[in-house]
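The values are calculated or read from the model by the stated rules, or taken from the named source; none is laboratory data. What you are looking at is a predicted structure, and each value in this text was computed from that prediction instead of being measured. Cβ atoms come from the backbone with ideal geometry, glycine included; neighbour counts cover every protein chain shown. Heavy atoms of the whole protein, side chains included, go into the accessibility calculation; ligands, DNA and RNA do not. Shrake-Rupley method; radii C 1.70, N 1.55, O 1.52, S 1.80 Å.
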Amino acid sequence: RRRSHSLVSIAFFSTHYTPKRRPSLSLYMATSLTAQIAGGTQPSAPSFSGLRRICPKLDSAVSFSHQSFLHRVNSSIRLVSSSSSSHRSPRGVVAMAGSGKFFVGGNWKCNGTKDSIAKLVSDLNSATLEADVDVVVSPPFVYIDQVKSSLTDRIEVSGQNSWVGKGGAFTATRFTTPYSVEQLKDLGCKWVILGHSERRHVIGEKDEFIGKKAAYALSEGLGVIACIGEKLEERESGKTFDVCFDQLKAFADAVPSWDNVVVAYEPVWAIGTGKVASPQQAQEVHVAVREWLKKNVSEEVASKTRIIYGGSVNGGNCAELAKEEDIDGFLVGGASLKGPEFATIVNSVTSKKVAA
């Protein structure tokens, strides 16, 4: 009788959702899970989540949050915000530093010609974009000047890589690309992408080297899109968190401040493959990344740092991904080469606004 009374007492709550608002009340359970509990049985959890090996018990050693655990127990469980007249910060910081805006970056990689880029820029200039989104595109280095001189000021420009210090006697090639921070700034760039999987796994850049590049870029006034992510075999062996945390630590050990850092979680197995992490898979890693920042840097940095997802994001899957609370935007590859589709991804922020 006591169990039945508690089940009847479960309330359903909803509220207006804004980006950066963490639920203050907990758990809304689907009928299937409620029936399991009412019947006196415990819900079963998979023995392997792809992130690490887990046990079916609620154990803080293997669960970074109630939300992370419950995603493993039953995919029907959702977190719902409670009604509240006070608009508190979702992550414990009353005054959010920085803009706190949704962030969408487009990495054009080694694509485009003068003509195709002119068309892409024209499409972007004519697109209607939600106002409360920071939008950045990253053309190939040789086209940065063309893009910067013709692209609307609404969209900022990023480099795809930079060198670890001031420029000098280094030969630029497609693979080494030692473009200096000073050169990127001279062309009008505001950001640079560092630690992308191709730099790590094709060129062989080490975590510590990438951290030093980030530190130098930040010291010279560029914002850094700091990429992290695991390979397929690392996910399948339960090492996702270990890999991401090691990569994060290299940034944390080097950077002077996190004020102009955006963390991009890009699982290597989802980049350019057409495979995409499910919203739950992405959210679980984002929660863990934020928890790592809280424990190893500061609660304030964890709260204000935007953690974006990258890996085969497109106009068809962006809305569902954007609904996840800790997904603060996207780093987009192939879909960023199509102006209308990229605009759709930018405007997916509206899904976050109405998500329950």
query: Just one of Ile271, Ile228 is β-branched (Val, Ile, Thr) and touching a strand residue (DSSP E or B) at 6+ places or on another chain (Cβ under 8 Å); which is it?
result: Ile228
query: So is Ser351 hydroxyl-bearing (Ser, Thr, Tyr), out of contact with any His (no Cβ under 9 Å at 6 or more places or on another chain) and crowded, with 18+ Cβ neighbours inside 10 Å or not?
result: no
task: Kindly establish whether Leu248 is open to solvent by less than 20 Å² (accessible area, probe 1.4 Å), in contact with a helix residue (DSSP H, G or I) (Cβ under 7 Å, 6 or more places away or on another chain), touching a residue at least 24 places away in the same chain (Cβ under 8 Å) and farther than 23 Å from Gly311 by Cβ.
output: no
message: Can you report the number of residues in segment 200-217 which are in a helix (DSSP H, G or I), touching a helix residue (DSSP H, G or I) at 6+ places or on another chain (Cβ under 9 Å) and open to solvent by 30 Å² or more (accessible area, probe 1.4 Å)?
response: 6
- request: Tell me which of these Ile327 doesn't satisfy, since it passes every other one: (1) without any contact (Cβ under 8 Å) to a residue 40 or more places away in the chain; (2) open to solvent by less than 50 Å² (accessible area, probe 1.4 Å).
  value: (1)
- prompt: If you go through segment 273-286, how many residues are of a type in the set (D, E, K, R) and open to solvent by less than 30 Å² (accessible area, probe 1.4 Å)?
  reply: 1
message: When you scan segment 287-310, do you find a residue that is touching an Asp or Glu at 6+ places or on another chain (Cβ under 7 Å), more than 18 Å from Lys101 (Cβ to Cβ), open to solvent by less than 10 Å² (accessible area, probe 1.4 Å) and not aromatic (Phe, Trp, Tyr), even just one?
response: no
- prompt: Between a first residue in segment 125-146 that is over 10 Å from Val157 (Cβ atoms) and in contact (Cβ under 8 Å) with a residue 60 or more places away in the chain and a second residue that is in a loop (DSSP other than H, G, I, E, B) and small (Gly, Ala, Ser), which pairs have beta carbons less than 8 Å apart while being 6 or more apart in sequence or on different chains?
  reply: Asp134/Ser99
